[in-house]
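The values are calculated or read from the model by the stated rules, or taken from the named source; none is laboratory data. What you see is a predicted model; the values in this text were computed from it and never measured. Cβ coordinates were reconstructed from backbone atoms using ideal geometry, including for glycine residues, and neighbour counts include every protein chain displayed.
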Amino acid sequence: MEYFADVSNYQWTSDYDHYVSFLVAARKKYNIKSTCVLLSDGDSWTNPVMDSQVASSYKLFGSFSCYHFFRGNVEAEANNFLNALKQIEADKSTVLMIDAEVRLANLTDKINEFIKILNEHGYKHIYVYSMGSMLDYANNGIQTGNLKNAKVWIALYGSIKPGGADAWQFTSTANANGISFDLNQDYVGEISNGVKEEKQVKKQPTYWQHGELFEAKSMLNVYHDLDFKTQRKPRFAPKSRFYATVVKHGKITRLQTHLGYVSANTDFSEKIK
């Protein structure tokens, strides 16, 4: 479990340096690991100091997350949020939050529509934030079990963590350098540490070690020599079957056919027997 602060233009005071000194003090006092920055509200407003708040979080903590205050106009608000994300140059690994504190008809459906738009633009790490009182399964409340592709961040002040919370805002009275802010616990680690996208590991090729009858998965070139320096005109068409002997060639193998040598890479053929 880690701590993080959620901040908005309300935490901004006079200048960048004074704001950074606030974050440094908050880190020292509460051991916060990152900040979640308000970017946008409704279908047109954006935080005038979001660039500086994001930049300072990234400089101090190496990560940041972002949130949008939702008022119900799904498409327009999603576009407002996406434009703000583009302005701060947030990449697709950025953790995003939808702050849903306004009761609206079919609220959960609207939130899911909003999430879908964010997903379609490549943002996959989504949280829905609201007060515990909003999670009442009413039509104009939030039905957490029906949320799609989202974790839950709950505001409920006190000493007992609310059930089902992936993140918990447990106080609104944290204070550093005379600036009040909301303090949160992160139980997943994404908000406080950022998401480390896994690098795609290149698949190592494998080669047939034995077999006698094979079927081509795609067009297979045929070569006169084991080094594949001289290609023959005949080729094995996809789905064509051929008999072959598996022969060693250095650390790999080749398939020796009646036409010549072909690749023994298992991506290019199926072994029938």
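Restricting attention to the range 170-177, does a residue exist that is part of a strand (DSSP E or B), in contact (Cβ under 8 Å) with a residue 40 or more places away in the chain, assigned by TED's automatic domain parsing to the domain that holds residue 21 and farther than 30 Å from residue 145 by Cα? Spell out how you get there, then give the answer.
Just the residues of the range 170-177 that are part of a strand (DSSP E or B), to begin with: 170-176.
If we keep only those that are in contact (Cβ under 8 Å) with a residue 40 or more places away in the chain as well, we get 174, 176.
Add one more test, that the residue is assigned by TED's automatic domain parsing to the domain that holds residue 21, and what stays is 174, 176.
Now drop any that are not farther than 30 Å from residue 145 by Cα, which leaves 174, 176.
So far as the range 170-177 goes, yes, one or more of its residues are part of a strand (DSSP E or B), in contact (Cβ under 8 Å) with a residue 40 or more places away in the chain, assigned by TED's automatic domain parsing to the domain that holds residue 21 and farther than 30 Å from residue 145 by Cα.
For the range 229-255, enumerate the residues that are within 17 Å of residue 206 (Cα to Cα) and assigned to a strand (DSSP E or B).
245, 246, 247, 248, 249, 252, 253, 254, 255, listed by residue number.
Being basic (Lys, Arg) and crowded, with 17+ Cβ neighbours inside 10 Å is the filter here, so list the residues in the range 212-260 that pass it. Full working, then the answer.
First, the residues of the range 212-260 that are basic (Lys, Arg): 217, 229, 232-233, 235, 239, 241, 248, 251, 254.
Scanning the range 212-260 gives a single hit, 254.
Tell me, which strands (runs of 3 or more DSSP E) lie completely within the range 55-168 with 2 or more residues that are hydroxyl-bearing (Ser, Thr, Tyr) and buried (at least 18 other Cβ atoms within 10 Å of the Cβ)?
On the way: elements: 65-69, 96-99, 126-131, 151-155.
Ranges flagged: 65-69, 126-131.
Please work out if residue 226 is at pLDDT 95 or above and either assigned to a strand (DSSP E or B) or in contact with a His (Cβ under 8 Å, 6 or more places away or on another chain) (or both).
Details: at pLDDT 95 or above: no; either assigned to a strand (DSSP E or B) or in contact with a His (Cβ under 8 Å, 6 or more places away or on another chain) (or both): yes.
Spelling it out, it is not the case that residue 226 is at pLDDT 95 or above and either assigned to a strand (DSSP E or B) or in contact with a His (Cβ under 8 Å, 6 or more places away or on another chain) (or both).
Note down all Cβ pairs under 7 Å where the first residue falls in the range 127-138 and is in the same structural domain as residue 6 (by TED's automatic domain parsing) and modelled with pLDDT under 95, the second is of a type in the set (Ser, Thr, Tyr) and not in a strand (DSSP E or B), and they're at least six residues apart or on different chains.
Sorted first by the residue in the range 127-138, then by its partner, the pairs are 135/144.
Is it the case, given these coordinates, that residue 17 is of a type outside the set (Lys, Arg) and out of contact with any Ser or Thr (no Cβ under 9 Å at 6 or more places or on another chain)?
Numbers: of a type outside the set (Lys, Arg): yes; out of contact with any Ser or Thr (no Cβ under 9 Å at 6 or more places or on another chain): yes.
Taking the combined requirement at face value, the residue satisfies it.
Please tell me if residue 60 is under 25 Å from residue 3 (Cβ atoms) and in the same structural domain as residue 103 (by TED's automatic domain parsing).
Details: under 25 Å from residue 3 (Cβ atoms): yes; in the same structural domain as residue 103 (by TED's automatic domain parsing): yes.
So residue 60 passes the test.
What's the total number of residues in the range 143-169 that are closer than 21 Å to residue 95 by Cβ and free of Cβ contacts under 8 Å to residues at least 40 places away in the same chain?
To start, the set of residues in the range 143-169 that are closer than 21 Å to residue 95 by Cβ comprises 144, 147-156, 161-162, 164-169.
Add one more test, that the residue is free of Cβ contacts under 8 Å to residues at least 40 places away in the same chain, and what stays is 144, 147-149, 151-152, 154-156, 161-162, 164-166, 168.
The number of residues fulfilling the criteria is 15.
Is it true that some residue in the range 128-137 is among the charged types (D, E, K, R) and more than 26 Å from residue 171 (Cβ to Cβ)?
To start, the set of residues in the range 128-137 that are among the charged types (D, E, K, R) comprises 136.
Pick out the ones that are also more than 26 Å from residue 171 (Cβ to Cβ) and you get none.
No, there is no match, as no residue in the range 128-137 is among the charged types (D, E, K, R) and more than 26 Å from residue 171 (Cβ to Cβ).
Read through the list (1) in contact with a strand residue (DSSP E or B) (Cβ under 6 Å, 6 or more places away or on another chain); (2) under 18 Å from residue 191 (Cα atoms); (3) surrounded by 18 or more Cβ atoms within 10 Å (Cβ to Cβ); (4) not polar (S, T, N, Q), then give the number of the only condition that residue 1 fails.
(3)
Can you tell me which residue is surrounded by the fewest Cβ atoms within 10 Å (Cβ to Cβ) among those in the range 171-184 that are over 11 Å from residue 1 (Cβ atoms) and in contact with a strand residue (DSSP E or B) (Cβ under 7 Å, 6 or more places away or on another chain)? Even if it seems obvious, please write down each step before you answer.
Kept after step one, since they are over 11 Å from residue 1 (Cβ atoms), are these residues of the range 171-184: 171-183.
When the remaining residues are screened for being in contact with a strand residue (DSSP E or B) (Cβ under 7 Å, 6 or more places away or on another chain), the result is 171-174, 180-183.
On the way: 171: 17, 172: 12, 173: 9, 174: 18, 180: 13, 181: 23, 182: 19, 183: 22.
This residue is 173.
In this structure, is residue 187 surrounded by 12 or more Cβ atoms within 10 Å (Cβ to Cβ) and assigned by TED's automatic domain parsing to the domain that holds residue 150? Show your work before the answer.
Numbers: surrounded by 12 or more Cβ atoms within 10 Å (Cβ to Cβ): yes; assigned by TED's automatic domain parsing to the domain that holds residue 150: yes.
So residue 187 passes the test.
Scan the range 90-129 residue by residue and report those that are closer than 21 Å to residue 194 by Cα and more than 16 Å from the chain's Cα centre (by Cα).
Passing the criteria: 99, 129.
Modelled with pLDDT under 95, touching a Leu at 6+ places or on another chain (Cβ under 7 Å) and charged (D, E, K, R), is that true of residue 235?
Values: modelled with pLDDT under 95: yes; touching a Leu at 6+ places or on another chain (Cβ under 7 Å): yes; charged (D, E, K, R): yes.
The answer is yes for residue 235.
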